[in-house]
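Asks: Before we start, here is the structure in question, set down as structure tokens.
Read-outs throughout are calculated quantities, based only on the coordinates presented, and are distinct from any laboratory measurement. In this text the structure is predicted, and so the values were computed from the model without any measurement. Cβ placement follows ideal geometry from the backbone for every residue including glycine, while neighbour counts extend to all protein chains displayed.
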Amino acid sequence: MAEIKAGLEIHQQLDTNKLFCSCPSLLRSDPPEFTVERKLNPVVGETGKIDIAAEYEKTKNKTFTYEVYDTNCLVELDEEPPHQINPQAVDIALQIALLFNCKIFPVAQIMRKTVIDGSNTSGFQRTVLIGHDGFIETNEGKVGIETIALEEDAARIIKHEGSKSTFRLDRLGIPLVEITTKPDLKSAEQIKEAALKIGEILRAAKVKRGIGTIRQDLNISTPKHPRVEIKGFQNPKIMINTIENEVKRQQETTKEKKAKGEVRKTNPDATTSFLRPMPGAARMYPETDIPLLKISRQMLNNAKNNLPKLTSEHRSYLKEFGLNDELIKLVLKQNKMQDFEFLINTINNPNLIAKTLTIFPKEIAKKENKPIEEIYKIFNTDILESILEQVEKGKISENDIKPTMQKIASGMNLKQAIQKEKINLKDEIQTFIKQKPDLSINAYMGLIMAKFKGKVSGAEVMEELKNQIPQ
Ligand SMILES: [Zn+2]
């Protein structure tokens, strides 16, 4: 394959309220409260140039319709100035920048980035630099992180017909971190490795999960071909094929002297197709409605002291406790790491804690025919701590945990759930022997254990059987 020079640009939504108002970051699928219609005119930026991408869009003379919900306010409609930047989003962005080994800007100007496709009611997106000059490690060497910015997500495109576009305001203003790598990536394999690594680091922080919450773009050039930006490059399964196809396409267009810098999008079949010309440089000007963002030493120390661990670090931590791979996978997948760290102080039995956090709730959810989230809600760390304390004090056995949880899930309180039925073993065994005389001790044992499963101990039953049946 030809020589590659590539960089990644990744946008990840943070799991907080919106960036410049206190509306919830909630995507809606129900009908909107109302809609508003707008026309957008690109204006001359403060640098005096009209963005060439803006000019391109202007030729289309578009009308934009915005769907508005009760979870939106006047900020999203651009009828009210932005509020102060969301401090929680700043803290998370700081942690992410530190996880990427970045240097932090002590003071930064919030900027407006021209966006004229209608996806921002204001015609621009607010963005602020948080960190710069970081790096990640890959098997093929260090990959530089150029910048990390905190910015607002755009409105969602719902419908597009000719010159008319409809956008939903639910997504507008959700905090995003934008991670831009240096063009250090040199092979398809390294690009994929870096993309996965960046994803792992992001997931350690308080970010949104699931489809649409992370978006990756790839900037890629080959010899004698200008840089091409590929949008929607986030499916790991087709990454390598997409790169190989794009390199082939670039080499062919170079040969035919048709090479252009342009923005393309990833297709599901791992090819790319033309989206729009590459935007020019005159895209940013200062946001004067909001003061400078200052990162104090205290904020920085706070972020450093509370830096989240990566999945790979969690994995080796759990391995040290002797958990098997299956349980480690479950704890991480079900996001129970913090609960595990909390409960290990209650009872020094890592396997039991892992099972109590993952396997038992899953089995109870299935038996009770309830969603797993509902079961997780019942078994918060407080209630699990109380149950495990009973084991630690010897009031119930390890085997009692699941039945106890089962009873709590079906509505009992802890006290009721751990109360044992009084079983008169002597009488019960006598009755068994009368009903079915002349069986072997082992046969009685089997019958009794089946009837009083989990309520009597095998050793007690055996002892009583030996008393009653002459050897
Ligand atoms: Zn709002």
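Asks: Given +1 on the Cβ of Lys and Arg, -1 on the Cβ of Asp and Glu, and no further charges, what dipole in debye does the stretch 425-468 carry about its Cα centre, rounded to the nearest 20? Mind showing how you got there, number by number?
Replies: On the way: 7 positive and 6 negative charges, 32 e Å.
The dipole magnitude comes to about 160 debye.
Asks: As a check on your grasp of the helix formula, calculate [θ] at 222 nm for the chain: sum -39500 (n - 2.57) over DSSP H runs of n ≥ 4, divide by the residue count, round to the nearest 500. Numbers along the way, then the final one.
Replies: Numbers: 17 runs with 176 residues, N = 471.
The per-residue figure over the chain is -11000 deg cm²/dmol.
Asks: Still on this structure, I have one more. Would you work out the charge dipole size for the stretch 348-463 about its Cα centre, treating the Cβ of every Lys and Arg as +1 and the Cβ of every Asp and Glu as -1, and quote it to the nearest 20 debye? List each step's numbers first, then the result.
Replies: On the way: 19 positive and 16 negative charges, 66 e Å.
Computed about the Cα centre, the dipole is about 320 debye.
Asks: Ok, one more. Would you mind calculating the gained length between N241 and T63 on full extension (0.36 nm times residue separation, minus the Cα-Cα distance), in nm to one decimal?
Replies: On the way: separation 178, 0.36 × 178 = 64.08 nm, distance 3.75 nm.
Going from the current span to full extension adds 60.3 nm.
Asks: Averaging sequence separations of C-alpha pairs under 8 Å and six or more residues apart, then dividing by the length of the stretch 5-286, give the relative contact order as a whole percent.
Replies: Working: 619 pairs, mean separation 70.2, N = 282.
Relative contact order here is 25 percent.
Asks: Give me the base-10 log of I(q)/I(0) for the stretch 306-371 at each q in 0.13, 0.27 Å⁻¹, Debye formula, one uniform scatterer per Cα, rounded to two decimals.
Replies: After summing over all Cα pairs, the log10 values are -0.36, -1.22.
Asks: Along each of its three principal axes, how wide is the spread of alpha-carbon positions in the stretch 160-232, in whole angstrom units, largest first?
Replies: Result, largest extent first: 40, 37, 17 Å.
Asks: If I take every Cα pair under 8 Å that is 6 or more residues apart in the chain, average their sequence separation and divide by the length, what percent do I get for the relative contact order?
Replies: Numbers: 788 pairs, mean separation 73.8, N = 471.
Relative CO of the chain lands at 16 percent.
Asks: Using a ≥ b ≥ c from the Cα gyration tensor of the stretch 389-471 (square roots of the eigenvalues), is it rounded, prolate or oblate, where a/c under 1.5 gives rounded and otherwise the larger of a/b and b/c decides, a/b for prolate?
Replies: Details: a/c = 2.91, a/b = 2.31, b/c = 1.26.
Note, shape of the stretch 389-471 comes out prolate.
Asks: Using the structure shown, list the pairs from K159/K258; K415/K455; K197/K265; K164/K208 with a Cα-Cα distance above 25 Å, or answer none.
Replies: Details: K159/K258 33 Å; K415/K455 16 Å; K197/K265 22 Å; K164/K208 31 Å.
Cα-Cα > 25 Å for K159/K258; K164/K208; rest within.
Asks: Would you mind classifying the stretch 241-307 by shape? Square roots of the alpha carbon gyration tensor eigenvalues, ordered a ≥ b ≥ c; an a/c under 1.5 is rounded, otherwise it is prolate if a/b is larger than b/c and oblate if not. Let's see the in-between values first.
Replies: Details: a/c = 3.87, a/b = 2.06, b/c = 1.88.
Since a/c reaches 1.5 and a/b is larger than b/c, the shape of the stretch 241-307 is classed as prolate.
Asks: Starting from the exponent 0.38 and prefactor 2.2 Å, build the expected Rg for the stretch 425-468 from its residue count and divide its actual Cα Rg by it. Mind dumping the intermediate values first?
Replies: Numbers: Rg = 9.2 Å, N = 44, 2.2 N^0.38 = 9.3 Å.
That ratio works out to 1.00.
Asks: Report the Rg/Rh value for the stretch 115-164, based on alpha-carbon coordinates and the Kirkwood definition of Rh.
Replies: Working: Rg = 16.9 Å, Rh = 13.9 Å.
Rg/Rh: 1.22.
Asks: Could I ask something else about it? Angle check, please: helix 425-435 long axis (alpha carbons) against the longest principal axis of the chain (alpha carbons), in degrees 0 to 90, nearest 10.
Replies: Between helix and principal axis, roughly 70 degrees.
Asks: Quick one: compute the contact order of the stretch 309-418, relative version, from alpha carbon pairs under 8 angstrom and 6+ residues apart, as a percent. Let's see the in-between values first.
Replies: Details: 78 pairs, mean separation 23.8, N = 110.
About 22 percent, as a whole number.
Asks: What's the extension gain from K206 to T431 if we count 0.36 nm per residue and subtract their Cα-Cα distance?
Replies: Values: separation 225, 0.36 × 225 = 81.00 nm, distance 6.05 nm.
Difference between extended and current length: 75.0 nm.
Asks: Please label the shape of the stretch 309-418 as rounded, prolate or oblate, based on the square roots a ≥ b ≥ c of the eigenvalues of the alpha-carbon gyration tensor (a/c under 1.5 means rounded; beyond that, a/b larger than b/c means prolate, else oblate).
Replies: Values: a/c = 2.14, a/b = 1.40, b/c = 1.53.
Taking the square roots of the gyration eigenvalues as a ≥ b ≥ c, the stretch 309-418 is oblate.
Asks: Once both axes come from the Cα atoms, what is the angle between helix 87-99 and the longest principal axis of the chain, in degrees from 0 to 90, rounded to 10?
Replies: That works out to roughly 90 degrees.
Asks: May I pose another question? Let me see the pair-distance distribution of the chain: every alpha carbon pair, 20 Å bin width, integer percents in order.
Replies: Result, from short to long distances: 19, 42, 24, 12, 3, 0 percent.
Asks: Hey, another quick one. May I have the pair-distance distribution P(r) for the stretch 5-286, computed from all Cα-Cα distances with 5 Å bins from 0 and rounded to whole percent?
Replies: 1, 5, 12, 15, 17, 18, 15, 10, 5, 2, 0
Asks: Please arrange C73, C23 by how many other C-beta atoms lie within 10 Å of their C-beta, fewest to most. Don't skip to the end; give the middle numbers.
Replies: Working: C73 17, C23 22.
Neighbour counts put them in this order, fewest first: C73, C23.
Asks: Taking the Cα centre of the chain as origin, sum charge times position over the Cβ atoms of Lys and Arg (+1) and Asp and Glu (-1), and report the length of that vector in debye to the nearest 20. Please report the intermediate quantities before stating the final value.
Replies: Numbers: 71 positive and 65 negative charges, 160 e Å.
Approximately 760 debye in magnitude.
Asks: Still on this structure, please answer the following. Could you let me know the centre-to-centre spacing of the stretch 438-471 and the stretch 326-366, using Cα atoms, in angstrom?
Replies: Answer, in whole Å: 34.
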